[in-house]
Amino acid sequence: MAGFLFVRWPNLALPCGDRGLMDDISRETIQSQGHKMILQSLAGLPAFIVYFCTGMVAVVLFLFVYTRVTPHDEFQLIRDNVPGAAISLGFSLLGFVLPVISAITHAANVFDCLIWSVIALIVQIIVYFVMRIPVPDISNRIARGELAPAIWLGAASLAAGALNAASMTY
């Protein structure tokens with residue numbers, strides 16, 4: 001069959017230059033192969049739902065705990081249009097989510113993922129308290145709308161989250 005270009009379809013090799021062979025393959029066979037591909041793709045849907053929901057629960061837990069640990073009320077400040085609160089909380093959230101992504105990717109099971117998510121939460125709380133050492137009044141300054149301390153806290157949270165995520169490649 002020299003000179004023929006073959007098109008790959010799952011489990012089928014179709015020569016494009018020979019119309020007679022194309023007619024021999026029924027439309028139902030091609031549709032059947034397509035349905036099998038879709039079903040194979042959807043086989044991972046239950047695991048996706050479990051891990052996605054686990055990640056969302058972890059994010060809600062992070063936001064609940066983190067906003068209780070900090071003296072300033074991030075959500076009220078965000079509602080009051082204080083950019084520093086949105087910057088610091090947003091980057092802290094990113095710093096939390098990066099290790100959660102790594103945990104979902106590398107976890108042996110959902111429980112393992114939850115354990116590493118809690119560790120990521122603890123790391124972010126530690127970062128908040130460590131960043132208060134060079135800037136003791138960081139919460140008051142964020143509440144007053146100052147951007148420099150918000151960016152400082154947010155960047156440190158993101159950096160710690162990236163290091164945390166990279167360390168979870170067990």
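The values are calculated or read from the model by the stated rules, or taken from the named source; none is laboratory data. Keep in mind that what you see is a predicted model, and the values were worked out from it rather than measured. Please note: Cβ atoms are built from the backbone with ideal geometry, for glycine as well, and neighbour counts cover all protein chains shown. We work out accessible area using only protein heavy atoms, side chains counted, and drop any ligands, DNA or RNA first. Shrake-Rupley method; radii C 1.70, N 1.55, O 1.52, S 1.80 Å.
Is at least one residue of region 36-56 of a type outside the set (Val, Ile, Thr), modelled with pLDDT under 90 and surrounded by 11 or more Cβ atoms within 10 Å (Cβ to Cβ)? Looking through region 36-56, at least one residue is of a type outside the set (Val, Ile, Thr), modelled with pLDDT under 90 and surrounded by 11 or more Cβ atoms within 10 Å (Cβ to Cβ).
Each residue in region 146-155 was checked for being touching a residue at least 60 places away in the same chain (Cβ under 8 Å) and open to solvent by 20 Å² or more (accessible area, probe 1.4 Å), and 4 pass. Scanning region 105-134 for residues that are of a type in the set (A, V, I, L, M), open to solvent by less than 60 Å² (accessible area, probe 1.4 Å) and closer than 20 Å to Ala47 by Cα returns Ala107, Val110.
Considering only residues in region 60-88 that are touching a residue at least 60 places away in the same chain (Cβ under 8 Å) and more than 21 Å from Ile151 (Cβ to Cβ), the one that is farthest from the chain's Cα centre (by Cα) turns out to be Val65. Is it the case that some residue within region 135-145 is open to solvent by 60 Å² or more (accessible area, probe 1.4 Å) and of a type in the set (Val, Ile, Thr)? Scanning region 135-145, I find no residue that is open to solvent by 60 Å² or more (accessible area, probe 1.4 Å) and of a type in the set (Val, Ile, Thr), so the answer is no. Got a sec? Which of Phe91, Phe111 is over 16 Å from Ile151 (Cα atoms), part of a helix (DSSP H, G or I) and not hydroxyl-bearing (Ser, Thr, Tyr)? It is Phe111. Among residues that are more than 30 Å from Ile49 (Cα to Cα) and of a type in the set (Gly, Ala, Ser), Ala162 is not included.
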